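Before any comments, here is the structure.
The values are calculated or read from the model by the stated rules, or taken from the named source; none is laboratory data. Predicted, not measured: the structure shown is a model, and the values here were computed from it. For neighbour counting, all protein chains shown are included, and Cβ atoms are generated from backbone atoms with ideal geometry for every residue, glycine included.
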Amino acid sequence: MSGTADREGLDRKRVPARILIGKAGLDGHDRGAKYVAHVLRDAGYEVIYTGIRRSPEQIADTAIQEDVAVVGLSILSGAHKILFKRVIDLLHERGAGDILVVAGGTIPSCDVPYLKELGVAAVLTPGASSKSIVETLDALLKQRQGAA
Amino acid sequence: MTGDVRQFVEEAGHETAGRIRAAARLLSLAENEPERIPELFAGMAEWPEPRMVVGLTGQPGSGKSVLTDRLIAGFRARHPDRRVGVIAVDASSPYTGGALLGDRVRMMRHATDPMVFIRSAASRGHVGGLMLGIRGMVRIMGLAGCDVVLVETVGVGQSEVEVAEVADLVLVILAPGQGDGIQLLKCGLLEAGDIFVVNKADREGADRLASLLLATLHLTGDGRRHDHPAEVLTVSALKGRGVAELIDLLEKRCAQERDRWRERRSLAVEEEIRLAVLEEARRQILHALGNDDAAAEQVRRILRGEATVTGLVGRLLDTVAREHGAGSERS
(Lines give C-alpha, C1' and ligand atoms only; values in the text may rest on other atoms or scores of the structure.)
Protein backbone atom coordinates (compact mmCIF):
# COMPACT_ATOMS: atom_id res chain seq x y z
CA MET A 1 0.00 0.00 0.00
CA SER A 2 1.34 3.42 -0.85
CA GLY A 3 2.04 6.00 1.78
CA THR A 4 -0.28 8.41 0.02
CA ALA A 5 -3.22 6.12 0.59
CA ASP A 6 -2.36 5.75 4.25
CA ARG A 7 -2.11 9.42 4.95
CA GLU A 8 -4.75 10.97 2.78
CA GLY A 9 -7.18 8.20 2.07
CA LEU A 10 -7.66 5.09 4.08
CA ASP A 11 -6.53 6.36 7.44
CA ARG A 12 -8.24 9.73 7.30
CA LYS A 13 -11.54 8.07 6.56
CA ARG A 14 -10.71 4.75 8.13
CA VAL A 15 -14.20 3.54 7.45
CA PRO A 16 -15.49 5.10 4.25
CA ALA A 17 -19.20 5.86 4.23
CA ARG A 18 -21.28 3.68 1.92
CA ILE A 19 -23.79 5.29 -0.39
CA LEU A 20 -26.17 3.84 -2.95
CA ILE A 21 -26.49 5.79 -6.18
CA GLY A 22 -29.09 4.74 -8.67
CA LYS A 23 -32.01 5.64 -10.84
CA ALA A 24 -35.59 4.68 -10.13
CA GLY A 25 -38.46 4.40 -12.54
CA LEU A 26 -38.63 4.54 -16.31
CA ASP A 27 -35.79 6.91 -16.89
CA GLY A 28 -32.58 5.96 -18.63
CA HIS A 29 -30.69 9.24 -18.44
CA ASP A 30 -27.82 8.18 -16.24
CA ARG A 31 -25.20 10.81 -16.97
CA GLY A 32 -26.01 12.76 -13.84
CA ALA A 33 -26.10 9.68 -11.62
CA LYS A 34 -22.77 8.46 -12.98
CA TYR A 35 -21.25 11.91 -12.52
CA VAL A 36 -22.36 12.02 -8.88
CA ALA A 37 -21.09 8.45 -8.33
CA HIS A 38 -17.71 9.49 -9.72
CA VAL A 39 -17.55 12.66 -7.62
CA LEU A 40 -18.37 10.75 -4.44
CA ARG A 41 -15.90 8.01 -5.26
CA ASP A 42 -13.20 10.63 -5.62
CA ALA A 43 -14.26 12.18 -2.31
CA GLY A 44 -13.54 8.86 -0.57
CA TYR A 45 -17.02 7.37 -0.47
CA GLU A 46 -17.82 3.77 -1.30
CA VAL A 47 -20.49 4.06 -3.94
CA ILE A 48 -22.78 1.14 -4.72
CA TYR A 49 -24.06 1.84 -8.19
CA THR A 50 -27.30 0.12 -9.19
CA GLY A 51 -27.77 1.33 -12.74
CA ILE A 52 -30.93 2.53 -14.43
CA ARG A 53 -34.67 1.70 -14.36
CA ARG A 54 -34.78 0.24 -10.88
CA SER A 55 -38.00 -0.28 -8.95
CA PRO A 56 -38.40 1.24 -5.48
CA GLU A 57 -38.40 -2.34 -4.14
CA GLN A 58 -35.05 -3.06 -5.78
CA ILE A 59 -33.63 0.16 -4.37
CA ALA A 60 -34.88 -0.49 -0.82
CA ASP A 61 -33.77 -4.14 -0.73
CA THR A 62 -30.36 -3.24 -2.14
CA ALA A 63 -29.92 -0.45 0.42
CA ILE A 64 -30.64 -2.90 3.23
CA GLN A 65 -28.40 -5.70 1.94
CA GLU A 66 -25.58 -3.24 1.37
CA ASP A 67 -26.12 -1.52 4.74
CA VAL A 68 -25.62 1.92 3.21
CA ALA A 69 -25.87 5.17 5.17
CA VAL A 70 -27.41 7.10 2.28
CA VAL A 71 -29.55 6.37 -0.77
CA GLY A 72 -29.08 8.93 -3.53
CA LEU A 73 -31.58 8.71 -6.37
CA SER A 74 -31.47 10.66 -9.59
CA ILE A 75 -34.85 11.17 -11.20
CA LEU A 76 -35.45 13.11 -14.40
CA SER A 77 -38.77 11.61 -15.36
CA GLY A 78 -41.04 13.87 -13.34
CA ALA A 79 -42.21 10.97 -11.19
CA HIS A 80 -40.11 12.02 -8.21
CA LYS A 81 -43.05 12.60 -5.84
CA ILE A 82 -44.36 9.05 -6.22
CA LEU A 83 -40.97 7.32 -6.39
CA PHE A 84 -39.44 8.99 -3.35
CA LYS A 85 -42.56 8.36 -1.30
CA ARG A 86 -42.46 4.67 -2.21
CA VAL A 87 -38.73 4.26 -1.47
CA ILE A 88 -39.03 6.01 1.89
CA ASP A 89 -42.13 4.00 2.84
CA LEU A 90 -40.39 0.73 1.95
CA LEU A 91 -37.29 1.58 3.97
CA HIS A 92 -39.47 2.34 7.00
CA GLU A 93 -41.51 -0.83 6.53
CA ARG A 94 -38.33 -2.86 6.51
CA GLY A 95 -36.88 -1.34 9.64
CA ALA A 96 -34.35 0.79 7.79
CA GLY A 97 -35.85 4.23 8.32
CA ASP A 98 -32.48 5.48 9.56
CA ILE A 99 -31.05 5.34 6.02
CA LEU A 100 -30.93 8.87 4.61
CA VAL A 101 -32.53 9.53 1.24
CA VAL A 102 -31.18 12.27 -1.00
CA ALA A 103 -32.84 13.46 -4.21
CA GLY A 104 -31.15 14.59 -7.39
CA GLY A 105 -32.34 15.52 -10.85
CA THR A 106 -34.79 17.84 -12.50
CA ILE A 107 -37.00 18.60 -9.54
CA PRO A 108 -39.04 21.82 -9.66
CA SER A 109 -38.48 24.03 -6.65
CA CYS A 110 -42.20 23.95 -5.84
CA ASP A 111 -41.92 20.20 -5.12
CA VAL A 112 -38.99 20.52 -2.73
CA PRO A 113 -41.10 21.23 0.39
CA TYR A 114 -43.21 18.15 -0.33
CA LEU A 115 -40.12 15.94 -0.68
CA LYS A 116 -38.60 17.37 2.50
CA GLU A 117 -41.83 16.62 4.31
CA LEU A 118 -41.67 13.02 3.09
CA GLY A 119 -38.30 12.78 4.76
CA VAL A 120 -35.93 13.43 1.85
CA ALA A 121 -32.79 14.75 3.57
CA ALA A 122 -31.56 16.97 0.74
CA VAL A 123 -32.53 17.89 -2.81
CA LEU A 124 -29.72 18.56 -5.29
CA THR A 125 -30.82 19.97 -8.62
CA PRO A 126 -29.00 20.56 -11.92
CA GLY A 127 -26.11 22.97 -11.52
CA ALA A 128 -25.11 21.69 -8.07
CA SER A 129 -21.30 21.78 -8.05
CA SER A 130 -19.29 18.69 -7.15
CA LYS A 131 -18.06 20.57 -4.11
CA SER A 132 -21.57 21.34 -2.88
CA ILE A 133 -22.64 17.71 -3.42
CA VAL A 134 -19.77 16.41 -1.27
CA GLU A 135 -20.28 19.10 1.38
CA THR A 136 -23.99 18.37 1.61
CA LEU A 137 -23.37 14.65 2.10
CA ASP A 138 -20.51 15.15 4.54
CA ALA A 139 -22.75 17.39 6.65
CA LEU A 140 -25.68 14.95 6.54
CA LEU A 141 -23.48 12.04 7.59
CA LYS A 142 -21.92 14.01 10.40
CA GLN A 143 -25.41 14.87 11.63
CA ARG A 144 -26.47 11.22 11.34
CA GLN A 145 -23.47 10.02 13.32
CA GLY A 146 -24.21 12.59 16.01
CA ALA A 147 -27.80 11.40 16.23
CA ALA A 148 -26.86 7.70 16.46
CA MET B 1 -22.16 -2.73 21.45
CA THR B 2 -21.48 -6.32 22.51
CA GLY B 3 -25.19 -6.51 23.27
CA ASP B 4 -25.92 -5.30 19.75
CA VAL B 5 -23.73 -8.01 18.29
CA ARG B 6 -25.62 -10.68 20.19
CA GLN B 7 -28.95 -9.25 19.12
CA PHE B 8 -27.89 -9.06 15.48
CA VAL B 9 -26.59 -12.63 15.62
CA GLU B 10 -29.91 -13.76 17.11
CA GLU B 11 -31.93 -11.98 14.40
CA ALA B 12 -29.65 -13.00 11.55
CA GLY B 13 -29.89 -16.63 12.60
CA HIS B 14 -33.69 -16.88 12.27
CA GLU B 15 -36.07 -16.48 9.37
CA THR B 16 -37.72 -13.24 10.52
CA ALA B 17 -38.50 -9.98 8.74
CA GLY B 18 -35.33 -8.36 10.04
CA ARG B 19 -32.98 -11.23 9.20
CA ILE B 20 -31.17 -9.73 6.23
CA ARG B 21 -31.00 -6.28 7.83
CA ALA B 22 -29.35 -7.78 10.94
CA ALA B 23 -26.95 -9.87 8.84
CA ALA B 24 -26.08 -6.77 6.79
CA ARG B 25 -25.19 -4.92 9.99
CA LEU B 26 -22.96 -7.80 11.09
CA LEU B 27 -21.24 -7.75 7.70
CA SER B 28 -20.45 -4.06 8.21
CA LEU B 29 -19.02 -4.87 11.60
CA ALA B 30 -16.76 -7.60 10.21
CA GLU B 31 -15.69 -5.25 7.45
CA ASN B 32 -15.25 -2.02 9.40
CA GLU B 33 -13.87 -3.14 12.73
CA PRO B 34 -11.35 -5.95 12.29
CA GLU B 35 -10.28 -5.50 15.90
CA ARG B 36 -13.73 -6.74 16.93
CA ILE B 37 -13.62 -9.87 14.84
CA PRO B 38 -12.70 -12.07 17.84
CA GLU B 39 -15.80 -10.78 19.67
CA LEU B 40 -17.93 -11.50 16.62
CA PHE B 41 -16.43 -14.96 16.28
CA ALA B 42 -17.08 -15.87 19.91
CA GLY B 43 -20.21 -17.94 19.25
CA MET B 44 -19.39 -18.85 15.69
CA ALA B 45 -18.83 -22.53 16.31
CA GLU B 46 -22.60 -22.86 16.72
CA TRP B 47 -23.49 -21.03 13.50
CA PRO B 48 -24.81 -22.86 10.47
CA GLU B 49 -22.26 -22.94 7.68
CA PRO B 50 -22.76 -22.58 3.96
CA ARG B 51 -22.70 -25.90 2.17
CA MET B 52 -20.44 -24.54 -0.52
CA VAL B 53 -18.25 -21.43 -0.84
CA VAL B 54 -17.26 -20.78 -4.45
CA GLY B 55 -14.65 -18.18 -5.36
CA LEU B 56 -14.72 -16.46 -8.75
CA THR B 57 -11.59 -14.73 -9.84
CA GLY B 58 -10.00 -13.51 -13.05
CA GLN B 59 -8.99 -10.45 -14.97
CA PRO B 60 -11.15 -7.33 -15.11
CA GLY B 61 -13.77 -7.73 -17.79
CA SER B 62 -13.48 -11.51 -18.04
CA GLY B 63 -17.16 -11.81 -17.11
CA LYS B 64 -17.08 -12.68 -13.41
CA SER B 65 -20.17 -10.67 -12.49
CA VAL B 66 -22.29 -11.94 -15.36
CA LEU B 67 -21.29 -15.52 -14.51
CA THR B 68 -22.11 -14.85 -10.86
CA ASP B 69 -25.55 -13.66 -11.96
CA ARG B 70 -26.07 -16.86 -13.96
CA LEU B 71 -24.90 -19.04 -11.07
CA ILE B 72 -27.35 -17.32 -8.71
CA ALA B 73 -30.17 -18.05 -11.16
CA GLY B 74 -29.00 -21.65 -11.61
CA PHE B 75 -28.72 -22.44 -7.90
CA ARG B 76 -32.06 -20.74 -7.17
CA ALA B 77 -33.77 -22.85 -9.84
CA ARG B 78 -32.32 -26.08 -8.47
CA HIS B 79 -33.06 -25.38 -4.83
CA PRO B 80 -35.98 -22.93 -4.63
CA ASP B 81 -36.06 -23.08 -0.83
CA ARG B 82 -32.37 -22.32 -0.31
CA ARG B 83 -30.69 -18.95 -0.06
CA VAL B 84 -27.75 -17.87 -2.21
CA GLY B 85 -25.26 -15.33 -0.88
CA VAL B 86 -22.84 -13.22 -2.90
CA ILE B 87 -19.90 -11.12 -1.75
CA ALA B 88 -18.64 -9.05 -4.68
CA VAL B 89 -15.40 -7.16 -4.17
CA ASP B 90 -14.29 -4.18 -6.23
CA ALA B 91 -11.13 -2.12 -5.87
CA SER B 92 -10.74 0.88 -3.58
CA SER B 93 -8.85 3.85 -4.94
CA PRO B 94 -5.28 3.87 -3.59
CA TYR B 95 -5.44 7.67 -3.86
CA THR B 96 -8.73 8.65 -2.23
CA GLY B 97 -9.89 5.49 -0.44
CA GLY B 98 -13.17 5.76 -2.33
CA ALA B 99 -14.62 3.03 -4.49
CA LEU B 100 -17.22 2.45 -7.13
CA LEU B 101 -18.87 -0.89 -6.52
CA GLY B 102 -20.55 -1.87 -9.74
CA ASP B 103 -20.66 -5.68 -9.79
CA ARG B 104 -24.22 -5.56 -8.57
CA VAL B 105 -25.48 -3.88 -11.72
CA ARG B 106 -25.21 -7.27 -13.46
CA MET B 107 -27.22 -8.98 -10.73
CA MET B 108 -30.05 -6.50 -10.16
CA ARG B 109 -32.74 -8.90 -11.33
CA HIS B 110 -32.15 -10.81 -8.08
CA ALA B 111 -32.38 -7.71 -5.87
CA THR B 112 -35.91 -8.34 -4.62
CA ASP B 113 -35.59 -12.12 -4.32
CA PRO B 114 -35.70 -12.70 -0.55
CA MET B 115 -33.61 -15.84 -1.07
CA VAL B 116 -30.71 -13.93 -2.63
CA PHE B 117 -28.42 -11.82 -0.46
CA ILE B 118 -25.87 -9.75 -2.36
CA ARG B 119 -23.23 -7.64 -0.69
CA SER B 120 -20.69 -5.43 -2.44
CA ALA B 121 -17.41 -4.67 -0.72
CA ALA B 122 -14.39 -2.52 -1.42
CA SER B 123 -10.87 -3.92 -1.16
CA ARG B 124 -9.80 -0.96 1.05
CA GLY B 125 -6.15 -1.19 0.22
CA HIS B 126 -5.91 -4.86 1.10
CA VAL B 127 -3.91 -6.72 -1.51
CA GLY B 128 -4.81 -10.25 -2.48
CA GLY B 129 -8.01 -9.53 -4.40
CA LEU B 130 -10.35 -9.54 -1.40
CA MET B 131 -10.48 -7.46 1.76
CA LEU B 132 -9.96 -7.89 5.46
CA GLY B 133 -12.83 -9.57 7.24
CA ILE B 134 -13.86 -11.65 4.24
CA ARG B 135 -13.71 -14.96 6.10
CA GLY B 136 -16.00 -13.64 8.81
CA MET B 137 -18.32 -12.25 6.16
CA VAL B 138 -18.64 -15.67 4.57
CA ARG B 139 -19.59 -17.13 7.95
CA ILE B 140 -22.19 -14.39 8.51
CA MET B 141 -23.71 -15.28 5.14
CA GLY B 142 -23.94 -18.84 6.48
CA LEU B 143 -25.61 -17.59 9.65
CA ALA B 144 -28.16 -15.78 7.48
CA GLY B 145 -29.09 -19.11 5.95
CA CYS B 146 -27.05 -19.05 2.74
CA ASP B 147 -26.61 -22.52 1.28
CA VAL B 148 -24.15 -21.42 -1.37
CA VAL B 149 -21.90 -18.34 -1.06
CA LEU B 150 -20.28 -16.93 -4.18
CA VAL B 151 -17.22 -14.76 -3.54
CA GLU B 152 -16.26 -12.59 -6.48
CA THR B 153 -12.82 -10.99 -6.25
CA VAL B 154 -11.67 -7.71 -7.76
CA GLY B 155 -10.39 -8.06 -11.29
CA VAL B 156 -7.03 -9.67 -10.63
CA GLY B 157 -3.84 -10.36 -12.49
CA GLN B 158 -1.24 -12.81 -11.33
CA SER B 159 -0.60 -12.63 -7.64
CA GLU B 160 -3.99 -12.12 -6.01
CA VAL B 161 -4.68 -15.65 -4.86
CA GLU B 162 -6.14 -15.10 -1.40
CA VAL B 163 -9.48 -16.39 -2.63
CA ALA B 164 -7.95 -19.88 -2.60
CA GLU B 165 -7.81 -19.67 1.20
CA VAL B 166 -11.35 -18.38 1.55
CA ALA B 167 -13.32 -20.47 -0.92
CA ASP B 168 -13.86 -24.23 -1.04
CA LEU B 169 -13.55 -24.19 -4.79
CA VAL B 170 -11.92 -21.52 -6.92
CA LEU B 171 -13.16 -20.75 -10.40
CA VAL B 172 -10.63 -18.91 -12.51
CA ILE B 173 -12.48 -17.07 -15.26
CA LEU B 174 -10.61 -16.42 -18.49
CA ALA B 175 -11.71 -14.93 -21.76
CA PRO B 176 -10.17 -15.17 -25.23
CA GLY B 177 -7.92 -12.33 -26.27
CA GLN B 178 -6.11 -11.85 -22.99
CA GLY B 179 -2.70 -13.22 -23.82
CA ASP B 180 -0.82 -16.10 -25.38
CA GLY B 181 0.52 -19.43 -24.10
CA ILE B 182 3.35 -17.80 -22.15
CA GLN B 183 0.80 -16.00 -19.94
CA LEU B 184 -0.57 -19.41 -19.02
CA LEU B 185 2.85 -20.56 -17.82
CA LYS B 186 3.26 -17.68 -15.39
CA CYS B 187 2.84 -18.22 -11.68
CA GLY B 188 -0.01 -17.15 -9.47
CA LEU B 189 -3.61 -17.16 -10.50
CA LEU B 190 -3.48 -20.31 -12.56
CA GLU B 191 -1.97 -22.21 -9.64
CA ALA B 192 -4.88 -21.18 -7.44
CA GLY B 193 -7.70 -22.53 -9.56
CA ASP B 194 -9.72 -25.71 -9.15
CA ILE B 195 -11.94 -25.17 -12.14
CA PHE B 196 -11.02 -23.04 -15.13
CA VAL B 197 -13.86 -21.36 -16.94
CA VAL B 198 -13.13 -20.14 -20.43
CA ASN B 199 -15.89 -17.57 -20.69
CA LYS B 200 -17.19 -15.70 -23.73
CA ALA B 201 -17.35 -18.93 -25.71
CA ASP B 202 -19.56 -17.02 -28.13
CA ARG B 203 -16.41 -15.23 -29.27
CA GLU B 204 -13.61 -16.35 -31.50
CA GLY B 205 -10.60 -17.94 -29.84
CA ALA B 206 -12.38 -19.55 -26.87
CA ASP B 207 -11.82 -23.14 -28.02
CA ARG B 208 -8.18 -22.47 -28.75
CA LEU B 209 -7.71 -20.92 -25.30
CA ALA B 210 -9.42 -23.92 -23.70
CA SER B 211 -7.15 -26.44 -25.40
CA LEU B 212 -4.05 -24.35 -24.68
CA LEU B 213 -5.10 -24.17 -21.05
CA LEU B 214 -5.75 -27.90 -20.82
CA ALA B 215 -2.37 -28.65 -22.34
CA THR B 216 -0.61 -26.31 -19.90
CA LEU B 217 -2.43 -27.54 -16.81
CA HIS B 218 -2.06 -31.21 -17.63
CA LEU B 219 1.60 -30.82 -18.45
CA THR B 220 2.36 -31.18 -14.76
CA GLY B 221 -0.91 -32.83 -13.88
CA ASP B 222 -1.67 -31.00 -10.69
CA GLY B 223 -4.34 -28.60 -9.64
CA ARG B 224 -4.21 -26.59 -6.46
CA ARG B 225 -5.04 -29.60 -4.29
CA HIS B 226 -2.57 -31.87 -6.06
CA ASP B 227 -5.05 -34.71 -5.74
CA HIS B 228 -7.57 -33.52 -8.26
CA PRO B 229 -6.68 -32.56 -11.80
CA ALA B 230 -7.73 -29.04 -12.73
CA GLU B 231 -10.80 -29.00 -14.93
CA VAL B 232 -11.52 -26.73 -17.87
CA LEU B 233 -15.02 -25.73 -18.93
CA THR B 234 -16.08 -23.58 -21.84
CA VAL B 235 -18.95 -21.26 -20.99
CA SER B 236 -20.82 -18.34 -22.45
CA ALA B 237 -22.28 -16.63 -19.39
CA LEU B 238 -23.92 -14.04 -21.61
CA LYS B 239 -25.81 -16.64 -23.64
CA GLY B 240 -26.24 -18.96 -20.66
CA ARG B 241 -24.30 -21.78 -22.35
CA GLY B 242 -22.35 -24.22 -20.19
CA VAL B 243 -23.66 -22.82 -16.90
CA ALA B 244 -25.75 -25.90 -16.04
CA GLU B 245 -22.70 -28.11 -16.65
CA LEU B 246 -20.65 -25.86 -14.38
CA ILE B 247 -23.21 -26.15 -11.58
CA ASP B 248 -23.28 -29.95 -12.04
CA LEU B 249 -19.54 -29.99 -11.59
CA LEU B 250 -19.68 -27.78 -8.48
CA GLU B 251 -22.33 -30.04 -6.93
CA LYS B 252 -20.28 -33.12 -7.72
CA ARG B 253 -17.16 -31.71 -6.13
CA CYS B 254 -19.16 -30.60 -3.11
CA ALA B 255 -20.53 -34.11 -2.56
CA GLN B 256 -17.03 -35.57 -2.85
CA GLU B 257 -15.01 -33.10 -0.82
CA ARG B 258 -17.31 -31.55 1.73
CA ASP B 259 -15.68 -33.09 4.79
CA ARG B 260 -12.27 -31.86 3.81
CA TRP B 261 -13.63 -28.34 3.20
CA ARG B 262 -15.01 -28.18 6.72
CA GLU B 263 -11.56 -28.81 8.13
CA ARG B 264 -9.99 -26.14 5.98
CA ARG B 265 -12.64 -23.58 6.92
CA SER B 266 -11.75 -23.74 10.59
CA LEU B 267 -8.17 -22.90 9.62
CA ALA B 268 -9.52 -19.93 7.64
CA VAL B 269 -11.16 -18.51 10.75
CA GLU B 270 -7.88 -18.77 12.65
CA GLU B 271 -6.19 -17.01 9.76
CA GLU B 272 -8.76 -14.21 9.94
CA ILE B 273 -7.91 -13.57 13.58
CA ARG B 274 -4.21 -13.58 12.71
CA LEU B 275 -4.89 -11.02 10.00
CA ALA B 276 -6.93 -8.88 12.40
CA VAL B 277 -3.97 -8.89 14.81
CA LEU B 278 -1.60 -7.87 12.01
CA GLU B 279 -3.92 -5.09 10.85
CA GLU B 280 -4.21 -3.68 14.36
CA ALA B 281 -0.42 -3.89 14.79
CA ARG B 282 0.07 -2.08 11.49
CA ARG B 283 -2.27 0.68 12.61
CA GLN B 284 -0.55 1.10 15.98
CA ILE B 285 2.91 1.13 14.47
CA LEU B 286 1.79 3.67 11.88
CA HIS B 287 0.51 5.79 14.72
CA ALA B 288 3.77 5.41 16.67
CA LEU B 289 5.72 6.43 13.59
CA GLY B 290 4.03 9.77 13.99
CA ASN B 291 2.74 12.37 11.61
CA ASP B 292 4.31 13.11 8.24
CA ASP B 293 7.17 15.23 9.64
CA ALA B 294 8.22 12.90 12.42
CA ALA B 295 8.01 9.85 10.15
CA ALA B 296 10.05 11.59 7.48
CA GLU B 297 12.73 12.49 10.03
CA GLN B 298 12.95 8.86 11.20
CA VAL B 299 13.48 7.77 7.62
CA ARG B 300 16.11 10.47 7.06
CA ARG B 301 18.03 9.26 10.11
CA ILE B 302 18.24 5.82 8.53
CA LEU B 303 19.41 7.42 5.30
CA ARG B 304 22.17 9.26 7.16
CA GLY B 305 23.27 6.02 8.79
CA GLU B 306 22.31 7.20 12.28
CA ALA B 307 19.74 4.43 12.72
CA THR B 308 18.86 1.07 11.25
CA VAL B 309 15.51 -0.23 10.07
CA THR B 310 15.54 -2.96 12.70
CA GLY B 311 16.46 -0.43 15.38
CA LEU B 312 13.60 1.85 14.39
CA VAL B 313 11.11 -1.03 14.37
CA GLY B 314 12.28 -1.99 17.87
CA ARG B 315 11.76 1.54 19.14
CA LEU B 316 8.31 1.77 17.54
CA LEU B 317 7.27 -1.52 19.13
CA ASP B 318 8.45 -0.23 22.51
CA THR B 319 6.37 2.92 22.00
CA VAL B 320 3.33 0.87 21.13
CA ALA B 321 3.82 -1.32 24.19
CA ARG B 322 4.19 1.73 26.47
CA GLU B 323 1.13 3.48 25.02
CA HIS B 324 -1.06 0.48 25.55
CA GLY B 325 0.32 -0.24 29.02
CA ALA B 326 0.85 -3.80 27.93
CA GLY B 327 4.59 -4.10 28.39
CA SER B 328 4.17 -7.03 30.71
CA GLU B 329 2.17 -8.91 28.11
CA ARG B 330 4.90 -8.79 25.54
CA SER B 331 6.83 -11.95 25.19
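Inspect region B:249-266 for any residue being farther than 23 Å from residue B:171 by Cβ and in contact (Cβ under 8 Å) with a residue 40 or more places away in the chain and give the result as yes or no. There is no residue in region B:249-266 that is farther than 23 Å from residue B:171 by Cβ and in contact (Cβ under 8 Å) with a residue 40 or more places away in the chain. Of all residues in region B:94-133, those being facing chain A (nearest Cβ under 7 Å) and of a type outside the set (D, E, K, R) number 18.
Reported count of residues in region B:1-28, each being modelled with pLDDT under 90, in a helix (DSSP H, G or I) and either aliphatic (A, V, I, L, M) or buried (at least 19 other Cβ atoms within 10 Å of the Cβ) (or both), is 1. Each residue in region B:29-63 was checked for being assigned to a helix (DSSP H, G or I), surrounded by fewer than 21 Cβ atoms within 10 Å (Cβ to Cβ) and of a type outside the set (D, E, K, R), and 5 of them qualify.
Looking only at region A:129-148, residues that are of a type in the set (A, V, I, L, M, F, W, C) and surrounded by fewer than 16 Cβ atoms within 10 Å (Cβ to Cβ) come to 3 in all.
A quick yes/no check of all residues on (1) over 24 Å from residue B:130 (Cβ atoms); (2) not assigned by TED's automatic domain parsing to the domain that holds residue B:153:
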| site | (1), (2) |
| --- | --- |
| B:4 | yes, yes |
| B:7 | yes, yes |
| B:10 | yes, yes |
| B:39 | no, yes |
| B:53 | no, no |
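Restricting attention to region B:234-241, does a residue exist that is part of a helix (DSSP H, G or I), farther than 25 Å from residue B:49 by Cβ and either modelled with pLDDT of 90 or more or in the same structural domain as residue B:170 (by TED's automatic domain parsing) (or both)? There is no residue in region B:234-241 that is part of a helix (DSSP H, G or I), farther than 25 Å from residue B:49 by Cβ and either modelled with pLDDT of 90 or more or in the same structural domain as residue B:170 (by TED's automatic domain parsing) (or both). Does residue B:74 meet the test of being of a type in the set (Gly, Ala, Ser), in contact (Cβ under 8 Å) with a residue 40 or more places away in the chain and in a helix (DSSP H, G or I)? Considered against the rule, which asks whether it is of a type in the set (Gly, Ala, Ser), in contact (Cβ under 8 Å) with a residue 40 or more places away in the chain and in a helix (DSSP H, G or I), residue B:74 comes out as yes. If you go through region B:69-93 and keep only what is within 13 Å of chain A (Cβ to nearest Cβ) and of a type in the set (Lys, Arg), you end up with just B:83. For region B:46-68, a residue qualifies if it is β-branched (Val, Ile, Thr) and within 14 Å of chain A (Cβ to nearest Cβ), and exactly one does: B:66. Scanning region B:27-45 for residues that are under 21 Å from residue B:266 (Cβ atoms) and at the interface with chain A (Cβ under 9 Å from one of its Cβ atoms) turns up just one, B:27. Among the residues of region A:46-90, those that are away from chain B (no Cβ under 14 Å) and assigned to a loop (DSSP other than H, G, I, E, B) comprise A:76, A:77, A:78, A:79.
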